[in-house]
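Student: One structure is given below, represented as structure tokens, and several questions about it will come after.
The values are calculated or read from the model by the stated rules, or taken from the named source; none is laboratory data. Computed from a prediction, not measured in an experiment: that's the story for all the values here. Neighbour counts run over all protein chains shown; Cβ positions are idealised from the backbone, glycine included.
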Amino acid sequence: MGFRELNAVRGAGAPAIAWSPVTTLFALTVFASAFLLFALEPMFSKMLLPLFGGSPAVWNTSLVFYQLVLLAGYAYADLLRRNLTIRRQTFVHCALVIVAFLFLPTVLPGWVGDPTKSPVLSLLRIATATVALPFFVLAANSSLLQAWFARLRPQADAYALYAASNLGSMLGLVAYTFAFEPFTGLTLQSRLWQSGFLLFAVLLAGCVFVTLRRRDEGTVTGSAVTPDDAGPAIAARRIVRWIALAAVPSSLMLGVTAYLQDEVAAIPLLWTLPLALYLGTFVIAFGLRRFVSRVVVGRAAAFGLVAIAFFMAGQAVAIELAIGLNVVVFFLLALYCHTTLRDDRPPEGRLTQFYLWLAVGGAIGGMFNALIAPQIFALVIEYPLALVVGALLLRSDERGTKSRTDRIWDVGVPLIVGAAMFLFIAAPKVSEIELGTVSVFALAGFVALSAVRHPLRFGLVLAVMFGFALYLPSVNGELYHARDFFGVKHVLRTPTYHWFTHGATLHGAESTLIPHEREPLTYFERSGPVGAIFAHLQPSLRRAHVAVAGLGIGTLACYAQSGQTWTFYEIDPQVAQIATDSNLFRYISACLPKARIVLGDARLSLTREARHEDALLILDAYTSDQIPVHLLTREAFAIYLKALTPHGVLAFDISNVFFDLRSVIGTLAANAGLVAYDRLDAQPDGATRDPGWSPSHWVVVARSDNDLAGLERESGWHALPPSDTIPLWTDDYTSQIRILTRL
């Protein structure tokens, strides 16, 4: 039975499900399991930071773990549904829930990782020993309970419970981010989560009781699924389409987040919006009455796709418009795909199989973006690629076989558009023709929209537009770009500077004029706070050791003096490669060619090497929205103090657009019995500064004022008291929400 026949039987305008006490019980149980699942993921990932640091291997391994266990849960539910009676299904599932209690609460061992070794095996071992079984049980619960409900309520649409599942996922994510994390530590979070799991177990017991009681009354048969209630075998082509329709929104969710963070604006917590919308489209598609047809959603998405390609070509647009356009188009495409999946759902007898293939598609999309794309693409190409694939999935209402002419035009039109764009944009001899980039992309967009009823033609024209949009930066002063799991790095050239950006954030600049090539710029100018730090501490730094967490382009190397030894700790190997390439930046090669550069997480490296030998330890790892919170805890401070000499000084670069780190460091310093001072170097009203200057904010911390050599008395430095409102950050408690100043 296809989706047209299924809708005809149920009625397209009928409510998806009739609510009753039994329905409410099943919906609450499905909601609770999904809520707990999405609260567990960020909680467990946060627990890993002090143990393994901020290496991408940690996040990528966590992602693989979540995806594999999620797939295993769906496969387990399908296996039970197809091979066991309902009584045995309930027995096995309840037994697993009871065993899962042995792994709660979630508390990680007090083990510290080795920054020189891959954390993959150790992380997987800890994850398996702590959260694997509870995660597995919760992952399987939604589809399994929907299968039981389908046997209890044959006339109802069990798929509507999938809306409750995704609503739980969405609220679990939001609740953890904005309610639990800001006000509770990991230990309390783990206890609360355990209580939530107990509540889920009680609800599940209620579902089992109802299911078995109705079975005993003869409402539910005791046999496993039979060919009659399972329906005909599902064709391989239909399964492939399910996988594609599930993979595209999953890929788009990660792709739009990476694109906005790297190319538009590094806004904190921006990732929560696409993820919440992604889950919300499931709620809308599977749970609510239709107010807008799928075709209308597809048409709106098509117009948005053309607009994105146009603006991606470098056309000036406000940040708010760029974010809004990309997010709305992502939402429309995800809603279209998920609505199409709902319309093509099989009979409830194959419900668990349907969800298994959806999970396969979601895993393919997510793992492609997180694991494969950073290795094979130097830019965030996976995002426009997913947009193009999404365009190809847009189906027209028109029926019938395409004519030979239509098939020729499907390929011919994109070829003509590509040739025309090459002549006016890429070919060097005709690139100066007055038909500018705006006009060329506008014409290509018009052609794409005229082909919107032909998905293949529309998608290929869109692919041509995105291809040239990605090509344009290479001819506009870009010296170098690279990408890894940490993000996209660009080196740009202007007449007098080389600029280094990581995503949408400036990380350093160097003058190309020979008299100024060793002059520290941006956040590190000699007239700014860091210059004052070195000027006052220089007598105590003779023949001393200086350590820096965060290499950047190596600007601080030009503060080095004869007789000193320097060590830079850098987590990103590509950053180290950029800083030491004299064709890009010369701070390291000209000022400190023998600098020691240690790759790996700074906290783990300092833990391994701490020998009370650093006269000055500079923490410069906080930029834009990415704050490595495990470097700003009480336990991290203890590691820094072990690395310092008895009169050593800590210096923190807290230059940040969105977060106020003064309160965090002031409280940490007071807790450790230290003194702290801060200085903000901002541009006075009406003043003009050199283009290589950037506003900066620095904090110095020492055991006593005497260790600062009078720096605290210099104009602009202010004593930094502990905060009255921000709790002490520890490995158990941190909250970026509490120190967020603006978006």
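Student: Among ALA595, ALA557, ALA549, which is touching a residue at least 60 places away in the same chain (Cβ under 8 Å), crowded, with 20+ Cβ neighbours inside 10 Å and under 25 Å from ALA636 (Cα atoms)?
Tutor: It is ALA549.
Student: When the residues of the range 11-25 are narrowed to those that are part of a helix (DSSP H, G or I) and surrounded by 13 or more Cβ atoms within 10 Å (Cβ to Cβ), which ends up modelled with the highest pLDDT?
Tutor: The selected residue is LEU25.
Student: For LEU492, state whether it is closer than 23 Å to ASP620 by Cβ, modelled with pLDDT of 85 or more and in contact with an Asp or Glu (Cβ under 7 Å, 6 or more places away or on another chain).
Tutor: Taking the combined requirement at face value, the residue satisfies it.
Student: Using the structure shown, decide if ARG526 is assigned by TED's automatic domain parsing to the domain that holds ALA557 and outside any helix (DSSP H, G or I).
Tutor: Criteria met by ARG526.
Student: When you go through VAL329, VAL295, VAL306 one by one, which is the residue that is outside any loop (DSSP other than H, G, I, E, B), surrounded by fewer than 18 Cβ atoms within 10 Å (Cβ to Cβ) and assigned by TED's automatic domain parsing to the domain that holds VAL389?
Tutor: Only one candidate passes the filter, namely VAL295.
Residue-wise test of (1) modelled with pLDDT of 80 or more; (2) assigned by TED's automatic domain parsing to the domain that holds ALA363; (3) part of a loop (DSSP other than H, G, I, E, B); (4) under 23 Å from ARG603 (Cβ atoms).
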| position | (1), (2), (3), (4) |
| --- | --- |
| VAL97 | yes, no, no, no |
| LEU102 | yes, no, no, no |
| PRO105 | no, no, yes, no |
| LEU124 | yes, no, no, yes |
| THR128 | yes, no, no, no |
| PHE136 | yes, no, no, no |
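Student: What number of residues within the range 567-577 satisfy the criterion of being surrounded by fewer than 24 Cβ atoms within 10 Å (Cβ to Cβ) and over 17 Å from PHE652 (Cα atoms)?
Tutor: The qualifying residues number 5.
Student: Out of ALA670, ALA615, report the one residue that is buried (at least 20 other Cβ atoms within 10 Å of the Cβ) and either of a type outside the set (Lys, Arg) or farther than 17 Å from GLU570 by Cα (or both).
Tutor: Result of the check over ALA670, ALA615: ALA615.
Student: What about ARG191, is it charged (D, E, K, R), part of a helix (DSSP H, G or I) and modelled with pLDDT under 90?
Tutor: For ARG191, the condition - charged (D, E, K, R), part of a helix (DSSP H, G or I) and modelled with pLDDT under 90 - is not met.
Student: Could you give every pair whose Cβ atoms fall below 8 Å, whose first residue belongs to the range 403-415 and is of a type in the set (Phe, Trp, Tyr), and whose second residue is assigned to a helix (DSSP H, G or I), counting only separations of at least 6 or pairs across chains?
Tutor: TRP409/ARG457
Student: So for the range 229-238 (the condition being modelled with pLDDT of 85 or more and small (Gly, Ala, Ser)), does at least one residue qualify?
Tutor: yes
Student: Filter the range 503-517 down to residues that are at pLDDT below 85 and touching a helix residue (DSSP H, G or I) at 6+ places or on another chain (Cβ under 9 Å) and give me whichever is surrounded by the fewest Cβ atoms within 10 Å (Cβ to Cβ).
Tutor: Looking at the filtered set, the residue picked out is GLU517.
Student: Follow-up question, since we're still on this one. Are any of the residues in the range 381-392 more than 25 Å from the chain's Cα centre (by Cα) and surrounded by fewer than 23 Cβ atoms within 10 Å (Cβ to Cβ)?
Tutor: Yes: one or more hits.
Rundown of residues vs (1) out of contact with any helix residue (DSSP H, G or I) (no Cβ under 6 Å at 6 or more places or on another chain); (2) among the basic types (Lys, Arg); (3) outside the structural domain of MET312 (by TED's automatic domain parsing); (4) part of a loop (DSSP other than H, G, I, E, B), yes/no style:
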position	(1), (2), (3), (4)
THR339	no, no, no, no
PRO346	no, no, no, yes
GLN353	no, no, no, no
ILE364	no, no, no, no
ASN369	no, no, no, no
GLN375	yes, no, no, no
VAL380	no, no, no, yes
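Student: Could I ask something else about it? Which of the residues that make up the range 491-517 are under 30 Å from ALA378 (Cβ atoms) and not in a strand (DSSP E or B)?
Tutor: If the condition is that a residue be under 30 Å from ALA378 (Cβ atoms) and not in a strand (DSSP E or B), then THR494, PRO495, THR496, GLY503, ALA504, THR512, LEU513, GLU517 are the ones that fit.
Student: Which of the residues belonging to the range 29-45 are closer than 13 Å to VAL131 by Cα and touching a residue at least 24 places away in the same chain (Cβ under 8 Å)?
Tutor: LEU36, LEU37, PHE38, ALA39, LEU40, GLU41, PRO42, MET43, PHE44
Student: Could you check the range 706-743 and list, in sequence order, the residues that are assigned to a helix (DSSP H, G or I) and either among the small types (Gly, Ala, Ser) or surrounded by fewer than 16 Cβ atoms within 10 Å (Cβ to Cβ) (or both)?
Tutor: Of everything in the range 706-743, those that are assigned to a helix (DSSP H, G or I) and either among the small types (Gly, Ala, Ser) or surrounded by fewer than 16 Cβ atoms within 10 Å (Cβ to Cβ) (or both) turn out to be ASN706, ARG713, ILE737.
Student: Moving on to the next point. Please indicate, with yes or no, whether at least one residue in the range 170-179 is touching an Asp or Glu at 6+ places or on another chain (Cβ under 6 Å) and either modelled with pLDDT of 85 or more or within 29 Å of CYS207 (Cβ to Cβ) (or both).
Tutor: No: the range 170-179 contains no residue that is touching an Asp or Glu at 6+ places or on another chain (Cβ under 6 Å) and either modelled with pLDDT of 85 or more or within 29 Å of CYS207 (Cβ to Cβ) (or both).
Student: Report every pair of residues separated by at least 6 positions or lying on different chains whose Cβ atoms are under 9 Å apart, first residue within the range 296-315 and in contact (Cβ under 8 Å) with a residue 40 or more places away in the chain, second among the basic types (Lys, Arg) and not in a helix (DSSP H, G or I).
Tutor: What qualifies is GLY298/ARG395.
Student: Residue by residue through the range 26-62, note down the ones that are farther than 24 Å from LEU188 by Cα and at pLDDT below 90.
Tutor: Selection gives SER55, PRO56, ALA57, ASN60, THR61.
To keep it simple, each residue is scored yes or no on (1) at pLDDT 90 or above; (2) over 15 Å from GLU517 (Cα atoms).
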residue	(1), (2)
GLN538	no, yes
ARG542	no, yes
ALA547	yes, yes
PHE568	yes, yes
ASP572	no, yes
GLN577	yes, yes
ASP581	yes, no
PHE585	yes, no
